[in-house]
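Structure record follows, encoded as structure tokens.
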Amino acid sequence: MKTPQRPSTARPDQGRRVAPRPDRTLVFGIVGPADLVPRVAAVAEATPALRAVRLPYRQEQETARILREHADEVDAWLFTGVVPHAIADAEHAAGAPAGHVSYSGLTLLAALFRLGREGRDLTRISIDTLDPLEVRETLAEAGLAADAARTMVYAPEVRSRDVVAFHRQAREEEGATVAVTCLRSAYDVLRKEMPVVRLAPSPRDIRDAVDDLVLQTRNAHHSDAQVALGFVELAEADPALERDLGELGGAVVRIDAERYLLVTTRGPLERVTDGFRAAPFLGRLAERHDHVHVGLGIGRSAGEAAAHASRALARARAQGDVAAVLAAPHDADIILAVGEPAEGAGPTDLGRLAQRLGMSRATLQSLRQFLEGVEEGRVTATELALAFEIQERSARRLLKRLERAGAAVPVGTLNEGQMGRPPVVYHVELG
């Protein structure tokens with residue numbers, strides 16, 4: 001299993017960036033320790049239409065500062081490992097598509113082979129960051145006992161001192177003879193105390209990460225180019241409307257005495273609404289108008305976006321005096337919450353969530369019952385499709401809708417040896 005790929009939080013001002021043409025050279029910022037950045041950058045630069053900017057740090061804690069200082073120079077961020085990526089996400093510093101190089105079992109197997117040739121005792125090993133299941137499978141391939149390794153799963157709150165403490169404890173309490181670490185700062189401390197090996201990503205791992213990020217970045221640019229239109233109905237004319245909608249980075253045109261047209265693209269709309277969850281501008285308009293109805297539509301053309309916006313406006317009128325609704329291709333209408341989205345919070349009331357998603361409460365109740373039997377509420381589209389006997393693409397759309405509503409969060413990918421991109425694992429919480 002690959003280490004989790006976390007979705008990065010974008011800055012509001014990213015909505016004003018011009019999406020590059022799909023065929024133009026992408027610029028990746030390579031962030032990590034000084035000895036790994038050139039290794040990853042060399043693989044990235046071997047990819048057509050891709051240029052790497054090398055951004056090494058001395059300590060992981062410099063990650064957020066580096067990203068903020070170089071934000072205008074890159075189209076995406078590629079981290080040399082999960083640790084700097086997690087730090088960037090925790091500090092909301094990425095502001096662009098981001099990914100990291102995952103260390104596979106092949107990397108560990110190569111390290112074990114070298115240790116064996118050196119005559120190291122491999123009966124007890126401490127290993128950090130790598131997935132425990134992949135570690136066990138790799139040990140089996142190397143002819144070692146499944147319980148030969150003590151593993152430490154990386155989490156966002158883990159820091160270098162925690163990794164060092166883990167290896168020390170494994171040595172003192174369980175007699176670990178070799179420490180295997182993915183963290184440069186931990187390696188620098190441990191090598192003075194015990195035999196330690198620091199893993200470096202294999203060329204294949206780097207190529208996989210580069211390919212994934214290229215696809216993610218191209219898709220993001222494609223989404224930014226999709227047309228988004230909005231119809232705004234107010235109780236009376238409002239000369240301040242353009243100011244309130246300015247964060248969407250588009251144009252506002254008055255249609256008649258009470259109606260306005262908003263023209264923008266999907267990218268800034270998705271960012272301002274926090275992934276189509278909330279409408280921060282709606283509360284400000286409600287302070288000046290008793291009746292505010294906003295219908296937003298997304299499409300591949302202006303005509304398609306306008307049709308969706310008209311449908312969304314009709315539904316917004318039916319919601320009450322103040323409402324905003326989003327309609328997009330191949331998706332149910334989404335009712336946007338009034339005001340700023342709550343940080344990390346998702347709706348837990350099934351009735352309210354069902355209304356937002358255009359689904360029945362009974363369907364969500366069935367989904368909640370299914371999740372009670374799933375470990376930690378984690379599920380893939382494939383598992384959901386099998387459980388409810390629906391097509392997998394329908395299950396993926398459902399998970400995406402739940403994600404937009406704040407009830408599902410992508411927490412990793414599942415590598416089962418299949419061709420193509422591995423399925424995304426979601427943590428779903430319906431209260």
**Item:** Pairwise FRET efficiency - V27 versus A251, Cβ, R0 = 35 Å, nearest 0.05
**Value:** 0.75
**Prompt:** Restricting attention to the range 145-231, which GluC sites (Glu not before Pro) occupy a DSSP loop and are surrounded by at most 13 other Cβ atoms within 10 Å?
**Reply:** E157, E193
**Message:** Highest mean first, how do 76-85, 253-262 rank when packing is the count of other Cβ atoms within 10 Å averaged over residues?
**Reply:** 76-85, 253-262
**Accessible area of the range 144-205 divided out per residue, in Å², using a probe of 1.4 angstrom** = 48 Å²
**Computed over the range 186-289, Cα set: Rg, Dmax in Å** = 23.8, 77
**Prompt:** Size of the range 275-330 along its principal axes in angstrom, Cα-based, largest extent first?
**Reply:** 34, 22, 16
**Complete:** Per residue convex hull volume, Cα only, the range 124-260, in Å³ is 193 Å³
**Asked** Mind listing which trypsin sites (Lys or Arg not before Pro) in the range 180-210 are in a DSSP loop and have 12 or fewer other Cβ atoms within 10 Å?
**Response** K192
**Item:** Cα gyration tensor shape for the range 120-168, rounded if a/c is under 1.5, else prolate or oblate
**Value:** oblate
**Item:** the range 256-296 and the range 25-61: distance between their alpha carbon centers, rounded to Å
**Value:** 39 Å
**Asked** If you average 1/r over all unlike Cα pairs in the range 64-186 and invert the result, what Kirkwood radius do you get in angstrom?
**Response** 15.8 Å
**Complete:** For the range 232-301 (alpha-carbon point model, no solvent) the Debye-based log₁₀ I(q)/I(0) at q = 0.28, 0.29 Å⁻¹ works out to -1.52, -1.58
**Prompt:** Where the accessible area of the range 175-324 is counted over protein heavy atoms with a 1.4 Å probe, how much of it, in %, is carbon and sulfur?
**Reply:** 50 percent
**Request:** Please report, in cubic angstrom per residue, the volume enclosed by the convex hull of the alpha-carbon atoms of the range 154-204.
**Result:** 94 Å³
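The values are calculated or read from the model by the stated rules, or taken from the named source; none is laboratory data. Treat the numbers as computed from the prediction; the structure is a model and nothing was measured. Reconstructed Cβ throughout: ideal geometry from the backbone, glycine too, with neighbour counts over all protein chains shown. Only protein heavy atoms, including side chains, enter the accessible area calculation; ligands, DNA and RNA are left aside. Shrake-Rupley method; radii C 1.70, N 1.55, O 1.52, S 1.80 Å.
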